[in-house]
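Since the structure comes first, as structure tokens, the remarks are kept for the end.
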């Protein structure tokens, strides 16, 4: 066959097309040869994925995190898989933050290093972040590890000061009306406490992150009140919990904040549907503020009071409403109380929703100044702290007041276990025993017997 220029061109095009297809095929084979992973968590409460709070904490941590695990080597034959368990546990964190590095050291092989690092138990983990470190001992769950990360990432190391000596709800108290459980949660997240004695000290120390005044029951002396007002005038941050409109000697402080608190408390008849007293109210909406941004948890307040504040040109406060409760309730007046009926009186009662908390801020120096006032102290008490999102809301307030805005997020919650409750009667116990042991013994035995039966039957055939 005679090869002319036209045929040569066709052959060249065909060969070039073949080469291109061959190269594409090689790339496709290489692409398909890569390892791709896909996982979906179908466990109750998403046990194998991190909660929103943990993810938010990891996202705001800039820089690598190092974990040094002092644990003996795994002995799989004897069921010892501690190291592998740590790897599986931290994989959930590494999906969100890949620069979490894990290093294993055997305290038996490196006893001197373990002693220098202060290792006391086998399995102890040293977590390091930005030249700060902390130890955690097994067993631990997501909540403990994330709280540790929050402590390491906290930029404000100044103490939370709290007023005491006037019947306040104590941050380390154990009584039902105290806020000791809230205090424990704050400590687990890296906060430290200080209790200045204003009767002795010349002023409220300005090196603290904030001052907490939690519902005093006795009047604060004029000398102490003057020091607290000076603290505010000097740019101090304040968390003030009030159970009524009695300021107990802090009237000048309230005036300085432009603060007004109702004498009447909130009544919500719909609370009975939830099995609660009508004096208990639930948050219906949250204000547009850093404390309540993306906050969707339900919070509960007992005997709450309306709170409002007004900024002026003199003090320069910018006021934001935080929490509205009882859209179907009202603020019950003293006239209605006299009737001893929990019914809405349109002539005397104020219809809901009722705002019960405000946040104030203003420009002061480089950091600025922040104040939160809540017309209820019960929501952080030992009685109600575990209800709904009360703890999360309280911690958000503290984080905002301390200037750690990046740590304002929904806190990691402990996972809920599914427990099977068997009624304590003979029939229920018999049914439960039959069901459980059927899968354990009866069904396998029946399958085994049927297998032998069909084997003999086929053999004879």
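Read-outs throughout are calculated quantities, based only on the coordinates presented, and are distinct from any laboratory measurement. Worth saying up front: this structure is predicted, and the values here are computed from it rather than measured. Note that each Cβ is placed from the backbone with ideal geometry, even for glycine, and that neighbours are counted across all protein chains shown.
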Residue 383/residue 223 FRET efficiency (R0 35 Å; Cβ-Cβ; nearest 0.05): 0.60
C-alpha long axis of helix 443-460 to longest principal axis of the chain, angle in °: 10 degrees
Å³ per residue enclosed by the Cα convex hull of the stretch 420-461: 57 Å³
Among (i) 164; (ii) 221; (iii) 391, the entry that matches volume of the Cα convex hull per residue in Å³ as calculated here: (iii)
Inter-label distance for residue 424 and residue 460, nm, one decimal - labels placed 7 Å from Cα along Cα-to-Cβ: 5.3 nm
Pair residue 132, residue 333: separation of 7 Å Cα→Cβ label points (nm): 5.2 nm
Space enclosed by the convex hull of the alpha-carbon atoms of the stretch 78-173, per residue, Å³: 170 Å³
Kirkwood-based shape ratio for the stretch 261-395, expressed as Rg/Rh from alpha carbons: 1.01
Cα-based shape type of the stretch 107-224, given that a ≥ b ≥ c are square roots of the gyration tensor eigenvalues and the cut on a/c is 1.5: prolate
Using alpha-carbon coordinates, inclination of helix 82-96 to the longest axis of the chain, degrees: 70 degrees
Residues of the stretch 135-178 with amide N under 17 Å of the 7 Å Cα→Cβ point at residue 364: 158-163
Extended-chain gain in nm, criterion 0.36 nm per residue less alpha-carbon gap, residue 115 and residue 33: 24.9 nm
Computed label-point distance, nm, for sites residue 140 and residue 202 using a 7 Å Cα→Cβ extension: 4.3 nm
Cα-based shape type of the stretch 352-409, given that a ≥ b ≥ c are square roots of the gyration tensor eigenvalues and the cut on a/c is 1.5: oblate
The stretch 156-403 - Rg (one decimal) and Dmax (whole number), Cα, Å: 17.5, 53
Three-way shape call for the stretch 263-314 based on the alpha-carbon gyration tensor, with the a/c threshold at 1.5: oblate
Tilt relative to the chain, helix 5-33 - C-alpha long axis, 0 to 90 degrees, to 10: 60 degrees
